[in-house]
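The values are calculated or read from the model by the stated rules, or taken from the named source; none is laboratory data. It should be emphasised that the depicted structure is a prediction, and the values quoted were computed from it without experimental measurement. When we count neighbours, we look across all protein chains shown, and the Cβ atoms used for this are built from the backbone with ideal geometry, even at glycine. Each accessible area value is taken on the protein alone, full model and side chains, heavy atoms only, with ligands, DNA and RNA left out. Shrake-Rupley method; radii C 1.70, N 1.55, O 1.52, S 1.80 Å.
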Amino acid sequence: VRKTKHEMPEQSPKERIKNFNEVPYGYDKKTAIEEAKRCLQCKNRPCVDGCPVEIDIPEFIKEIAEGNIDKAVELARSLLKNGTEVVVVSRGNKGSMLITEEKTLLYDAVQTKVKSTVGAGDSMVGAMAYALQKGESIQEAVSLGVAASTSSVSKEGTIMGELDEILMLKEKVVINEY
């Protein structure tokens, strides 16, 4: 097992001064599994003591290290046993995931030219809160959140989308059961 952390692949400074894309590229599946195996060797496990929702993070990472993504999703569902009703996971340019007791839904991101990712998460959460306050279902709220974050990333800086544009984008959000 590797002792040192893999450096996160990222855009070079020469590239990133010309765009607003995410700086880190993330790990590929093979490297993510290697990193998970390395993480499991930690004797201190500060992630366990520091987790505010008491998830068994090492067990979650173990499942990822072994390539058991389905089992990792099941562990994410363990949050539902602590009184949490739903878990929503933002997956960046891949969309979002909604986990409930009954099912897991994948919300594909609407493809757009990314100008800035600043504020995309805030737009998503704000749109979800707006939809829920209006009495929409959690499924509809996540769709609106994905649309709002799509609108947000298509603009320079921290400009939020207009409601008409967000509602149009919401119609393009594809939902699949996991």
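Couple of notes before you dig in:
- Long-range HN-HN contacts of Ala109 with modeled amide H, under 5 Å: Gly95, Ser96
- Accessible area in square angstrom per residue, the chain, 1.4 angstrom probe: 64
- Vicinal HN-Hα couplings computed from phi for the range 119-127 (Karplus, 6.51 cos²θ - 1.76 cosθ + 1.60; Hz; Gly/Pro x): x, 5, x, 4, 4, 5, 5, x, 5
- Count of Lys pairs (Cα-Cα under 21 Å; at least 8 positions apart or interchain) in the range 93-168: 6
- The chain - mean residue ellipticity at 222 nm from DSSP helices (-39,500 (n - 2.57) per run, n ≥ 4, rounded to 500): -12500 deg cm²/dmol
- What the phi angles of the range 101-115 give under the Karplus curve with 6.51, -1.76 and 1.60, with θ = phi - 60°, is a coupling list of 4, 7, 7, 10, 10, 9, 10, 6, 5, 7, 5, 7, 6, 7, 10 Hz, glycine and proline written as x.
- Quarter the surface of the alpha carbon convex hull of the chain and you get the mean projected area, 11.8 square nanometres.
- Residues Met8, Met97 ordered from highest to lowest accessible area at a 1.4 Å probe: Met8, Met97.
- Cα gyration tensor shape for the range 80-136, rounded if a/c is under 1.5, else prolate or oblate: prolate
- Restricting the GluC sites (Glu not before Pro) of the range 130-178 to loop positions (DSSP other than H, G, I, E, B) with no more than 14 neighbouring Cβ atoms within 10 Å leaves Glu156, Glu162, Glu171.
- Sequence-ordered 3J(HN,Hα) estimates for the range 141-157 from the Karplus curve with 6.51, -1.76 and 1.60 and θ = phi - 60° stand at 5, 5, 4, 5, x, 4, 5, 5, 5, 4, 4, 4, 6, 7, 10, 5, x Hz, glycine and proline given as x.
- The range 67-178, accessible surface, carbon-and-sulfur percent (1.4 angstrom probe): 52
- Counting only heavy atoms of the protein chains and using a 1.4 Å probe, Tyr25 has close to 140 Å² of accessible surface.
- Amide hydrogen proximity for Thr104: with H placed 1.01 Å from N in the peptide plane, the residues at 5 or more positions away or on another chain lying under 5 Å are Tyr178.
- Legend: calculated FRET efficiency, Ile175 to Cys47, from the Cβ-Cβ distance at R0 = 22 Å, rounded to 0.05, equals 0.10.
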